[in-house]
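First comes the structure, then the notes that go with it.
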Number of protein chains: 2
Amino acid sequence: MNTNMEKPYVVGIDIGGTNTVFGIVDARGTIIATDSIKTAGHGEVEAYADAVCKPLMKLIQANGGKEKIKGIGIGAPNGNYYSGTIEFAPNLPWKGIIPLAAMFEERTGIPTALTNDANAAAIGEMTYGAARGMKDFIMITLGTGVGSGIVINGQMVYGHDGFAGELGHTIIRRENGRLCGCGRHGCLETYCSATGVARTAREILTSSTEESLLRAIPSEEITSKDVYDAAKKGDKVAKQIFEFTGTLLGEALADFIAFSSPEAIVLFGGLAKSGELLTKPVKKAMDDNVLNIFKGKTKLLISELKDSDAAVLGASALGWEIKSDK
Amino acid sequence: MNTNMEKPYVVGIDIGGTNTVFGIVDARGTIIATDSIKTAGHGEVEAYADAVCKPLMKLIQANGGKEKIKGIGIGAPNGNYYSGTIEFAPNLPWKGIIPLAAMFEERTGIPTALTNDANAAAIGEMTYGAARGMKDFIMITLGTGVGSGIVINGQMVYGHDGFAGELGHTIIRRENGRLCGCGRHGCLETYCSATGVARTAREILTSSTEESLLRAIPSEEITSKDVYDAAKKGDKVAKQIFEFTGTLLGEALADFIAFSSPEAIVLFGGLAKSGELLTKPVKKAMDDNVLNIFKGKTKLLISELKDSDAAVLGASALGWEIKSDK
């Protein structure tokens, strides 16, 4: 963290399909001011950039002016760190390759970097959260999909093209694997995301006649939250769903450990807050499946970033890393 | 490569189960002098270290003296870069944790670093071979087992404990996978090593009645070289064995790409010299199985290091990386 007294703040911008949230953050990870706009409805991306930067500059002015800002970090789906572009993001209104970092830099006069949301979460965790001081860890984000951010030797892994760390799209079931949104079969994301949990629920409810609180909900409307609530009430089927989800995730993590032998794996996102329902089977499967020399070495941690702040904090952490010669 | 005029050479030492080969190497990767001893038969490891260092120092004296040597690099099974130790290597005569780098440093007065053989091969490839100038690549060694060395952001990946990069022990077949020497089932190594190829040959010959040149060889004696020779003669079963091996390897590589998005994957070792018999199905399976955003981006290369020199060259390359304050 290259903080200094003259530039004590960074800006974090989280671009989601629905909202764009931005905030000013200090070196301890406190969000000192925040605001948001809707991501859609601005027509061209130029108009969108104006719509973000206007209230952002107002916020900056109200907090000491842009001299106080070390950099702006943006977290966005399909964000490419090397080029500062968003590339073919299916859930954003703009098509093709969008040079968003340059557009924000132009409008604010502040150095701007951009990366994908899972990488931003990993940088946030390393700067302010459960991975403080760690040089080797893997962040797994369990949301609508499964994302990942990998840190090795204290550096984010971007790969030769800026897109490394798609662990949600490694194959966990090669035979009869579930169809993934990416067009392939058996991706980790189809089992261990929130939507994967709902899918497992529908499968188990169809294939068994076991009684369950979940049968009161129309099959297509079941969410991972419903499964969590039922499991907390002792529902056997719901517990079985978590068991299955955690086992597959643990099997996958055992293979990730063979790759980079991280000090810790940090789970983040809605599902990660399921407590022992998830972590118990994950730990067991990790331990049952990991290569002997790694056994018991890699910690399984839950993110320490508050959910509502995490995305902005993660993006903001990128702001500290911007080289001043940029 | 921190070569300079005063210290123009490094020493590479390759410790194998049978032989220990060592050589003096210049900055272009030319081995200017080499010698070897048997690894076993020295009793204690202290006696072994003496037995290597005596002829090694003679070699160094004959080539300008130790002032010319920047460092010594050692490649050894189960070598740990961080600690400079060999830890519980099943194929070496010494048990437990052996502080080999320190022992060589003491005897030679030259800074010494140590890593495992696959990592040494990767450093060699980056310094002298097919991966020159690359910052992100994965080396896969296809020998008796399957090893790997991973380079990210221009640095070897050692992980938090020094043992990262065990890609031969990621699981490629979760259901009914072959039993591995590590005690688990379905490891990549059980399919895509030289012994894995021989195993596939025995399986296919048993399960089919198809004619094959391989039927002339007693089943337990079939080697991957036999399969290669038969395939080159057009033997259908032998070609099918390569097809199967290459397909599984390509599937695995597609997942490795999702991890670190390397510029290239470099294949090394006996099997890697099978030419299109292996690379054609590997490339096809990589392409069929890789996530869309990575498609066509990662090159598949064959090592450019001569087999007889590769181990010593790889180990020697580590010698250039030793910090002078070590």
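The values are calculated or read from the model by the stated rules, or taken from the named source; none is laboratory data. The structure presented is a predicted model; accordingly, all values stated were derived computationally and were not measured. Reconstructed Cβ throughout: ideal geometry from the backbone, glycine too, with neighbour counts over all protein chains shown. Protein only, heavy atoms only, side chains kept; ligands, DNA and RNA dropped before computing areas. Shrake-Rupley method; radii C 1.70, N 1.55, O 1.52, S 1.80 Å.
DSSP assigns beta bridges within the protein assembly as shown; of those with both partners inside it, close to 60 percent run antiparallel.
Using only side-chain charges placed at the Cβ, +1 for Lys and Arg and -1 for Asp and Glu, the dipole size of the protein assembly as shown relative to its Cα centre rounds to 120 debye.
Put a dot 7 Å past the Cα of A:K68, heading toward its Cβ, do the same for A:Y82, and the two dots end up 3.7 nm apart.
For segment B:17-62, a simple Cβ point-charge model (Lys and Arg +1, Asp and Glu -1, everything else neutral) yields a dipole of about 180 debye relative to the Cα centre. When DSSP beta bridges are restricted to pairs lying wholly in chain B, around 60% turn out antiparallel.
The residues of segment B:223-326 expose on average 42 square angstrom of accessible surface per residue, using a 1.4 Å probe on protein heavy atoms.
For A:N292, the distances from its label point to the matching points in the remaining copies are 4.4 nm, ordered from shortest, with each point set 7 Å beyond Cα toward Cβ. At an R0 of 35 angstrom, the distance between the Cβ atoms of B:T18 and A:K232 translates into a FRET efficiency of 0.05. Along its first, second and third principal axes, ordered by size, segment A:40-116 spans 37, 27, 16 Å in Cα coordinates. Taken along the Cα-to-beta-carbon direction at a fixed 7 Å, the label points for B:H185 and A:K295 span 1.8 nm. Projecting the Cα atoms of B:G196, A:G29, A:T223 onto the charge dipole of the protein assembly as shown, computed from C-beta unit charges around the Cα centre, puts A:G29 farthest toward the positive end. Magnitude of the charge dipole for segment A:195-252, about its Cα centre and with charges confined to Cβ atoms of Lys, Arg (+1) and Asp, Glu (-1), is about 120 debye.
Here is the list for segment A:69-145: trypsin sites (Lys or Arg not before Pro) lying in DSSP coil, each with at most 14 other C-beta atoms within 10 angstrom of its C-beta, are A:K95, A:R132. Largest mean-square fluctuation among B:E189, B:E276, B:E221, in a Gaussian network model of chain B whose springs join Cα atoms under 10 Å apart, belongs to B:E221. Bridgeable lysines around A:K239 (alpha carbons under 18 Å apart, same-chain partners fewer than 8 residues away excluded): A:K225, A:K273, A:K280, A:K283, A:K284. Taking only the Cα atoms of segment A:100-189, the ratio Rg/Rh comes out at 1.07, with Rh defined as the Kirkwood radius. For A:T209, the point set 7 Å out from Cα toward Cβ sits 4.5 nm from its twins in the other copies, listed from shortest up. In the protein assembly as shown, taking the dipole from charged Cβ atoms about the Cα centre, the farthest positive-side position among A:G314, B:P90, A:S208 is held by A:G314. Plainly put, the tip 7 Å out from Cα toward Cβ on B:F88 is 4.5 nm from that tip on each other copy, the closest given first. Here B:K225 and B:M57 are evaluated by their C-beta separation; at R0 = 60 Å the FRET efficiency comes out at 0.95.
Solvent-accessible area assigned to carbon and sulfur over the protein assembly as shown amounts to 50 percent, based on a 1.4 Å probe. Across peptide B:245-258, the average count of Cβ atoms from other chains found within 10 Å of a residue's Cβ is 3.
Taking a sphere under 12 Å around the Cβ of B:G17 and counting the other residues whose Cβ falls inside, with K and R at +1 and D and E at -1, yields a net charge of -1.
In terms of Cα atoms, the Rg and Dmax of the protein assembly as shown work out to 26.8, 85 Å. Per residue, the convex hull around the alpha carbon atoms of chain B comes to 140 Å³. Adding -39500 (n - 2.57) for every DSSP H run of four residues or longer, then dividing by how many residues chain A holds, sets the calculated 222 nm ellipticity at -11500 deg cm²/dmol. Net length available on complete extension from A:S207 to A:N153 is 14.8 nm, with 0.36 nm assigned per residue and the Cα-Cα distance removed. For segment B:165-292, with equal point scatterers placed on the C-alpha atoms only and solvent neglected, what are the log10 I(q)/I(0) values from the Debye formula at q = 0.10, 0.15, 0.17, 0.22 1/Å, to two decimals? Taking Cα atoms of segment B:165-292 as identical point scatterers yields -0.31, -0.69, -0.88, -1.36. Label separation (A:K323 vs B:E304): 2.6 nm, computed from points 7 Å beyond Cα along the C-beta direction. Neighbouring Cβ atoms from other chains, within 10 Å of the Cβ of residues in B:291-304, number 3 on average. Estimate for me the total accessible surface buried between chains A and B (protein heavy atoms, probe 1.4 Å, no ligands or nucleic acids), in Å² to the nearest 100. Counting both chains, the buried surface is close to 3600 Å².
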